[in-house]
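One structure is given here, and the rest of the page talks about it.
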Amino acid sequence: MTAIVVMAKACLPGKVKTRLYPALSYEQAAELAAASLDDTLAAALALPATRRILAFDGVEPPVTAAAFEIAPQVSGGLDERLAAIFDSLTEPALLVGMDTPQLSATLLGPVFTDWDNTTDAWFGPAHDGGFWALALGLPRPGRSRGDLIRGVPMSVAHTGASQLARLRNDGLRVRQLPMLTDVDTIADADLVALVAPHSRFAATLLAMRPAGPTVTGP
């Protein structure tokens, strides 16, 4: 009885993946972001989730989200928006973003098949110091799951460490998922395309960069 939530924003030129410019145009960056979201939604569809929810910041969700419940994101900082998602649900829930198109149903499978009474949360760290996945079990009586996130500093180098510490300091038993690379820069995009060569993301990037990727980072 675990829901999956994909958190995403509308893939509009100049509004998403702007750090891919000037290696890509703003229009290309938006197209690549859309491919990343499509890959993420496809992975979510392959999981045995009891609910599939797209927490969406935008007006028109992608057609690939037709099988998802659409939940508008609340206003506020990222911590407030993440917290509101968990506060709105009553079942165990896994939340992922749209910036790791290399994720797969196999990688996420343990959250749905190996969640036992010794596990309260799952945490997926990212190479940039953030996190790409967070799953929380049933709400505890009189406690807000959102309070486990609310106030954690977001989009800084220690976001992931701070979030993990918040969970553990509250007594949660946390199991970790593999570390992944969020796509922020063109080097990230090239690396992820190599890791997931059969993804929509990789095919879209290859069409934009036919000479192939240049990987300079880990």
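The values are calculated or read from the model by the stated rules, or taken from the named source; none is laboratory data. Please read these numbers as outputs of a predicted model, since none were measured by experiment. Counting neighbours? That spans all protein chains shown, and the Cβs are built from the backbone with ideal geometry, glycine included.
Filter the range 1-57 for residues that are under 24 Å from Phe86 (Cα atoms) and acidic (Asp, Glu) and give the result.
Asp38, Asp39, Asp57
Give me a count of the residues in the range 99-153 that are among the hydroxyl-bearing types (Ser, Thr, Tyr), closer than 26 Å to Ala189 by Cβ and either surrounded by 19 or more Cβ atoms within 10 Å (Cβ to Cβ) or free of Cβ contacts under 8 Å to residues at least 60 places away in the same chain (or both).
2
Looking at the range 48-64, which of its residues are buried (at least 17 other Cβ atoms within 10 Å of the Cβ) and under 15 Å from the mean Cα position of the chain (by Cα)?
Arg52, Ile53, Leu54, Ala55, Phe56
Would a scan of the range 36-58 turn up a residue that is under 19 Å from Asp188 (Cα atoms), modelled with pLDDT of 95 or more and either of a type in the set (A, V, I, L, M, F, W, C) or not in a helix (DSSP H, G or I) (or both)?
yes
Could you look through the range 168-186, keep only residues that are touching a helix residue (DSSP H, G or I) at 6+ places or on another chain (Cβ under 8 Å), touching a residue at least 40 places away in the same chain (Cβ under 8 Å) and in a loop (DSSP other than H, G, I, E, B), and pick out the one that is farthest from Asp128 (Cα to Cα)?
Leu172
Scan the range 88-139 residue by residue and report those that are among the charged types (D, E, K, R) and either out of contact with any Ser or Thr (no Cβ under 9 Å at 6 or more places or on another chain) or assigned to a helix (DSSP H, G or I) (or both).
Scanning the range 88-139 gives Asp114, Asp116, Asp120.
May I ask you to list the residues in the range 58-110 that are under 25 Å from Ala202 (Cβ atoms) and of a type in the set (Asp, Glu)?
Scanning the range 58-110 gives a single hit, Asp99.
Out of all the residues in the range 155-174, which are within 20 Å of Leu89 (Cβ to Cβ) and either within 17 Å of the chain's Cα centre (by Cα) or among the aliphatic types (A, V, I, L, M) (or both)?
Gln163, Leu167, Leu172, Val174
Taking Ile70 as the residue in question, decide whether it is surrounded by 17 or more Cβ atoms within 10 Å (Cβ to Cβ), under 14 Å from Ala8 (Cα atoms) and out of contact with any Ser or Thr (no Cβ under 9 Å at 6 or more places or on another chain).
Judged against the criteria, Ile70 is not a match.
Here are some conditions: (1) touching a helix residue (DSSP H, G or I) at 6+ places or on another chain (Cβ under 7 Å); (2) in contact (Cβ under 8 Å) with a residue 24 or more places away in the chain; (3) of a type outside the set (Asp, Glu). Leu191 meets all but one. Which one does it not meet?
So the condition that Leu191 fails would be (1).
Tell me which residues, restricted to the range 13-41, are surrounded by fewer than 16 Cβ atoms within 10 Å (Cβ to Cβ) and free of Cβ contacts under 8 Å to residues at least 60 places away in the same chain.
Passing the criteria: Gly14, Lys15, Thr18, Tyr21, Pro22, Ser25, Glu27.
So how many residues does the range 163-195 have that are surrounded by 17 or more Cβ atoms within 10 Å (Cβ to Cβ) and of a type in the set (Gly, Ala, Ser)?
Number of matching residues: 3.
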